[in-house]
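A.B. asks: Mind looking over this structure? Questions follow.
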Amino acid sequence: MRLTILGLGLIGGSIALAARKRGAATHVTGIDRTDVVSLPEARDAADTLVDTSDDFAVRAALRSTDLAVVAAPVGAIAAMIPEILESADLVTDCGSTKRAIVASAARSHRARRFVPGHPMAGLPQGGVQRARADLFEGRQWMLCPESCDKDALERVQSLVKSLGATPILIGADDHDRAVALTSHVPQILASALAVLAENRRASVAAGPAFESATRVAGGGEAMWRDILSTNADEVSAVLETLLGELERVLWGLRRDPADVGPVLTLLERARTVRARGRGD
């Protein structure tokens with residue numbers, strides 16, 4: 001299979017490395033800006049590199065590929081998808097939210113050749129310099145196939161499996177609702193804790209628990225502006241529910257004497273959830 005990746009950052013670069021290492025692609029073309037394709041790590045990731053400023057070469061790469069993967073910020077993906085579908089036979093993406101991208105793809109008469117996707121993998125910092133061939137091993141890879149052709153889904157599922165990930169089928173609405181809780185709100189909470197600890201000069205007492213809780217703090221502005229603006233309704237709904245949980249804990253601790261019952265109940269519920277997840 002000839003694979004073309006638009007966006008050689010952490011995710012796109014890791015797809016390229018994994019596809020070549022695992023034999024999932026016979027040829028990998030990477031498309032990105034001049035400053036990216038000139039990096040030695042980009043040259044190591046792909047067989048052929050194309051500068052985004054070369055429109056003719058970009059279109060030629062898309063026309064000759066079996067599968068195009070768009071690994072860019074959500075806003076850029078939504079803007080590019082209709083045009084990419086005009087050239088590539090089959091397209092998938094790696095956007096962190098799906099509704100805006102799906103709506104954009106729907107404007108194309110070839111929308112059924114698009115399989116929305118989102119690999120649940122990453123690192124605190126991005127860039128092709130940090131790309132890893134094993135980034136997707138054992139990870140879930142969400143696919144939202146409501147409006148795509150059956151063969152398109154099967155081909156993208158095959159790629160996902162060949163990269164070491166497990167494809168999970170989910171609707172775009174359900175996807176955005178889920179990642180608001182599992183990814184987007186945790187980014188906000190981690191960042192708030194990191195800033196609060198610095199402001200109160202408490203970082204000196206930070207241990208493994210704090211480091212784990214704040215590992216993802218401070219995500220890049222370009223990526224998170226798009227994520228939060230396209231999923232603001234679901235993120236705000238999760239924050240509202242979370243505030244209700246925290247308020248119960250807060251008012252208990254403010255009592256005199258303190259009532260630790262609400263927080264202990266919360267901890268007990270969490271232990272039950274974690275034990276269920278481990279199969280205890």
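So that you can scan it fast, the table gives a plain yes or no per residue for (1) surrounded by 19 or more Cβ atoms within 10 Å (Cβ to Cβ); (2) outside the structural domain of Gly13 (by TED's automatic domain parsing); (3) of a type in the set (Lys, Arg):
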residue: Asp89; (1), (2), (3): no, no, no
residue: Thr97; (1), (2), (3): yes, no, no
residue: Arg110; (1), (2), (3): no, no, yes
residue: Ala121; (1), (2), (3): yes, no, no
residue: Cys148; (1), (2), (3): yes, no, no
residue: Gly164; (1), (2), (3): yes, no, no
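Results for (1) within 15 Å of Leu3 (Cβ to Cβ); (2) part of a helix (DSSP H, G or I); (3) over 17 Å from the mean Cα position of the chain (by Cα), shown as yes or no for each residue.
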position	(1), (2), (3)
Asp151	no, yes, yes
Arg155	yes, yes, yes
Ser158	yes, yes, yes
Gly164	no, no, no
Pro167	no, no, no
Asp173	no, yes, no
Val179	no, yes, no
Ser183	no, yes, no
Pro186	no, yes, no
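A.B. asks: Which numbered condition in (1) assigned by TED's automatic domain parsing to the domain that holds Ser14; (2) small (Gly, Ala, Ser); (3) buried (at least 18 other Cβ atoms within 10 Å of the Cβ) is the only one that Ser158 fails?
C.D. replies: Unmet for Ser158, out of (1) assigned by TED's automatic domain parsing to the domain that holds Ser14; (2) small (Gly, Ala, Ser); (3) buried (at least 18 other Cβ atoms within 10 Å of the Cβ): (3).
A.B. asks: Here are some residues: Gln140, Gln157. Which one is touching a Ser or Thr at 6+ places or on another chain (Cβ under 8 Å) and free of Cβ contacts under 8 Å to residues at least 60 places away in the same chain?
C.D. replies: On the way: Gln157 fails: touching a Ser or Thr at 6+ places or on another chain (Cβ under 8 Å).
Unique residue meeting the criteria: Gln140.
A.B. asks: Follow-up. Pick from region 193-216 the residues that are among the β-branched types (Val, Ile, Thr) and not in a helix (DSSP H, G or I): which of them is farthest from Gln125 (Cα to Cα)? Please lay out each step first, then the result.
C.D. replies: Kept after step one, since they are among the β-branched types (Val, Ile, Thr), are these residues of region 193-216: 195, 204, 214, 216.
When the remaining residues are screened for being not in a helix (DSSP H, G or I), the result is 214, 216.
Working: Thr214: 13, Val216: 9 Å.
That would be Thr214.
A.B. asks: Could you pull out the residue among Gln125, Gln129 that is modelled with pLDDT under 95 and under 24 Å from Glu41 (Cα atoms)?
C.D. replies: Details: Gln129 fails: modelled with pLDDT under 95.
Step by step, each of Gln125, Gln129 is checked, and only Gln125 is modelled with pLDDT under 95 and under 24 Å from Glu41 (Cα atoms).
A.B. asks: Working carefully through the options Arg225, Arg215, Arg248, Arg201, find the one that is among the basic types (Lys, Arg), surrounded by 13 or more Cβ atoms within 10 Å (Cβ to Cβ) and over 22 Å from Asp173 (Cβ atoms). Full working, then the answer.
C.D. replies: On the way: Arg225 fails: over 22 Å from Asp173 (Cβ atoms); Arg215 fails: surrounded by 13 or more Cβ atoms within 10 Å (Cβ to Cβ); Arg201 fails: surrounded by 13 or more Cβ atoms within 10 Å (Cβ to Cβ).
On inspection, the qualifying residue turns out to be Arg248.
A.B. asks: Looking at region 123-135, which of its residues are surrounded by fewer than 22 Cβ atoms within 10 Å (Cβ to Cβ) and assigned to a loop (DSSP other than H, G, I, E, B)? Even if it seems obvious, please write down each step before you answer.
C.D. replies: If we filter region 123-135 for residues that are surrounded by fewer than 22 Cβ atoms within 10 Å (Cβ to Cβ), which is where we start, we get 123-127, 129-130, 132-134.
Within region 123-135, Leu123, Pro124, Gln125, Gly126, Gly127, Arg132, Ala133, Asp134 meet the criteria.
A.B. asks: Considering each residue of region 171-212, count those that are in contact (Cβ under 8 Å) with a residue 12 or more places away in the chain and touching a strand residue (DSSP E or B) at 6+ places or on another chain (Cβ under 9 Å), and give that number.
C.D. replies: Summing the residues that are in contact (Cβ under 8 Å) with a residue 12 or more places away in the chain and touching a strand residue (DSSP E or B) at 6+ places or on another chain (Cβ under 9 Å) in region 171-212 gives 2.
The values are calculated or read from the model by the stated rules, or taken from the named source; none is laboratory data. Everything numeric here is computed off the predicted structure, so don't read it as measured data. Ideal geometry is used to build each Cβ from the backbone, glycine not excepted, and the neighbour counts take in all protein chains shown.
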